[in-house]
């Protein structure tokens, strides 16, 4: 295949349950830079049912063009159906680079799509660059649990695909009135098929916890020492208008539910303030919260890794420090 | 029901160390084990076998020492084990690896039809999560990833719940299909004495690229689409402001003052 035939940078704008995922804006930021360096267009791909209303927003945030495939068969996410539509789109319009959000859905979708297309895929990158000389996509990702960073390329096949970790890039801001093209792509019910059936969506129980939107996070680690410790953290979180979270050990110990876990095997967050209590700062945890604006570490061990990377390091017992904080707030 | 599980031998996660000078991994043979995420895949397969009847086959791709994880799989309840071993496979990325595994699975399927393929969510050494969905693409089978629960199984299909960022989705997949499972799905059991004995005696079937009729131009470091062009250890600068004080109470008060002063709260 002639690589020169492949032009433009594509980003997948994920829609989940009728809402455009903010990862779309992050991918537009990353993609805009790549497209500008290549002097190519930035295109967003919008799949779903009744999703056309999101197109103008994507254009105002940097897309020059939006491909829309809108059909009732795309209302729910089925791997085969989505991957087959993406494959048809790529075969028809031949993009040069294709970024997909590394959400649960995007991780699986990008993998299946890459095999249908017959191209290489880099998983869960945190940084993407265009190489000055060869114009290739250089995607850098944490590997071995974040202990090693690897930069990966895909020299021979196009498009070069990459899933991009949520919150690795800022959200693109809208430029009202920005113009772009909309291209509607027909859904083909004879080709874009799957034997799998969507049955239902079950919403998370309890409060509407969305760690990724939290402005303040008070997180506990192994150093909390007991389940009850999270009550103290919750008090502090509540006073600061935030939420509690955890590193992996408290989750493994059963002190707190998995959905509160931050890090490589949990969620990625980007709050304004992150208070890490009794968290040593293993690289796996840092992978999930290093995008926080301000990090405070409270730890008995002054040599814990997080005490070096935090903005404020408090050496001390969290059971003394936090009550004092609560008193002076 | 014939269930096939894909496993990988990986470094034990706790033992991964990087040489700060070279940026290379320091690993010795004894530190390898079954990828922790694959333990859940295997456990789910063995549980389904016990409920529904049938047997569990396990496939791995890797060098001779990877046979260790196949024996371990027998100890954990697998019935038959297959190794794809060929120098031509070395250095494969996920595209090539999933292709080779799919070819191996096709061969196993020819011996005895496979109903269900289960993979772990990802490996602890590469963290891609590609292999399950990619095997399903090569074999043109329906798949679901991030599966946290099997709700019910019938003769023709399986109903599963998969994890999303905002909850979970229930899907029905007809057999044959491919699942990638997360650790919430079960609690892997300890190996039984009977299993350990069986592991010692187990016969491992080893196939090379020709045995599985794989196209060698699609295998290995020289042919796979992606390449690692650079690796390095992430740098962390020591930039922390130390919050001073004679005791925890003083430091807590000081911290709040600092955060307020800088308008962080």
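The values are calculated or read from the model by the stated rules, or taken from the named source; none is laboratory data. Because the structure is predicted, anything quoted here is derived from the model rather than measured. Cβ placement follows ideal geometry from the backbone for every residue including glycine, while neighbour counts extend to all protein chains displayed.
With out of contact with any strand residue (DSSP E or B) (no Cβ under 9 Å at 6 or more places or on another chain), surrounded by fewer than 20 Cβ atoms within 10 Å (Cβ to Cβ) and within 10 Å of chain B (Cβ to nearest Cβ) as the only criterion, which of A:156, A:203, A:197 stands out? So that I can check it myself, show each step before the final result.
Numbers: A:203 fails: out of contact with any strand residue (DSSP E or B) (no Cβ under 9 Å at 6 or more places or on another chain); A:197 fails: out of contact with any strand residue (DSSP E or B) (no Cβ under 9 Å at 6 or more places or on another chain).
Step by step, each of A:156, A:203, A:197 is checked, and only A:156 is out of contact with any strand residue (DSSP E or B) (no Cβ under 9 Å at 6 or more places or on another chain), surrounded by fewer than 20 Cβ atoms within 10 Å (Cβ to Cβ) and within 10 Å of chain B (Cβ to nearest Cβ).
Consider region A:112-128 and keep the residues that are without any contact (Cβ under 8 Å) to a residue 40 or more places away in the chain and farther than 17 Å from residue A:69 by Cβ. The one that is surrounded by the fewest Cβ atoms within 10 Å (Cβ to Cβ) is A:118.
Within region A:105-131, take every residue that is part of a loop (DSSP other than H, G, I, E, B) and modelled with pLDDT of 95 or more and give me the one that is farthest from residue A:151 (Cα to Cα).
Our first condition is that a residue be part of a loop (DSSP other than H, G, I, E, B); within region A:105-131, this holds for A:118-120, A:126, A:131.
From what is left, the residues that are modelled with pLDDT of 95 or more are A:118-120, A:131.
Numbers: A:118: 21, A:119: 17, A:120: 14, A:131: 12 Å.
Applying the filter and picking the extreme gives A:118.
Is at least one residue of region A:273-294 under 24 Å from residue B:169 (Cβ atoms) and either under 21 Å from the mean Cα position of the chain (by Cα) or not assigned by TED's automatic domain parsing to the domain that holds residue A:26 (or both)? Outline the logic, then answer.
If we filter region A:273-294 for residues that are under 24 Å from residue B:169 (Cβ atoms), which is where we start, we get A:288.
Of the ones still in play, those that are also either under 21 Å from the mean Cα position of the chain (by Cα) or not assigned by TED's automatic domain parsing to the domain that holds residue A:26 (or both) are A:288.
Yes, there is a match, as at least one residue in region A:273-294 is under 24 Å from residue B:169 (Cβ atoms) and either under 21 Å from the mean Cα position of the chain (by Cα) or not assigned by TED's automatic domain parsing to the domain that holds residue A:26 (or both).
The single condition among (1) crowded, with 19+ Cβ neighbours inside 10 Å; (2) modelled with pLDDT under 90 that residue A:253 does not satisfy is (1).
The rows are residues; the columns are (1) assigned to a loop (DSSP other than H, G, I, E, B); (2) in contact (Cβ under 8 Å) with a residue 24 or more places away in the chain; (3) within 23 Å of residue A:126 (Cα to Cα).
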{"position": "A:168", "(1), (2), (3)": "yes, yes, yes"}
{"position": "A:171", "(1), (2), (3)": "yes, yes, yes"}
{"position": "A:175", "(1), (2), (3)": "yes, yes, no"}
{"position": "A:190", "(1), (2), (3)": "yes, no, no"}
{"position": "A:194", "(1), (2), (3)": "yes, yes, no"}
{"position": "A:198", "(1), (2), (3)": "no, yes, no"}
{"position": "A:202", "(1), (2), (3)": "no, no, no"}
{"position": "A:212", "(1), (2), (3)": "no, yes, yes"}
{"position": "A:218", "(1), (2), (3)": "no, yes, no"}
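Selection over region A:283-300 of residues that are farther than 18 Å from residue A:147 by Cβ and free of Cβ contacts under 8 Å to residues at least 24 places away in the same chain gives a count of 5. Mind telling me which of the residues A:148, A:99, A:89 ends up being surrounded by 24 or more Cβ atoms within 10 Å (Cβ to Cβ) and touching a strand residue (DSSP E or B) at 6+ places or on another chain (Cβ under 9 Å)? Selected residue: A:99, the only one of A:148, A:99, A:89 that is surrounded by 24 or more Cβ atoms within 10 Å (Cβ to Cβ) and touching a strand residue (DSSP E or B) at 6+ places or on another chain (Cβ under 9 Å).
When A:42, A:34 are checked against the criterion of being out of contact with any helix residue (DSSP H, G or I) (no Cβ under 6 Å at 6 or more places or on another chain), under 22 Å from residue A:117 (Cα atoms) and modelled with pLDDT of 95 or more, a single residue qualifies: A:34. Figure legend. Inter-residue proximity from region B:223-244: first residues on the phi > 0 side of the Ramachandran plot and more than 7 Å from chain A (Cβ to nearest Cβ), second residues assigned to a strand (DSSP E or B) and surrounded by 13 or more Cβ atoms within 10 Å (Cβ to Cβ), beta-carbon distance below 8 Å, spacing 6+ or different chains. No pairs are indicated. For the condition crowded, with 24+ Cβ neighbours inside 10 Å and at the interface with another protein chain (Cβ under 8 Å from one of its Cβ atoms), residue A:297 qualifies. State whether the residues of region B:72-80 include one that is closer than 21 Å to residue B:210 by Cα and within 16 Å of the chain's Cα centre (by Cα). Checked against the condition, which is being closer than 21 Å to residue B:210 by Cα and within 16 Å of the chain's Cα centre (by Cα), region B:72-80 yields no hits at all.
Only a single criterion out of (1) surrounded by fewer than 18 Cβ atoms within 10 Å (Cβ to Cβ); (2) within 11 Å of another protein chain (Cβ to nearest Cβ); (3) part of a loop (DSSP other than H, G, I, E, B) is not satisfied by residue B:190, namely (2). When B:113, B:36 are checked against the criterion of being at pLDDT 95 or above and assigned by TED's automatic domain parsing to the domain that holds residue B:153, a single residue qualifies: B:113. The strands (runs of 3 or more DSSP E) found wholly in region B:47-160 and carrying at least 2 residues that are within 14 Å of another protein chain (Cβ to nearest Cβ) occupy B:116-120, B:143-153.
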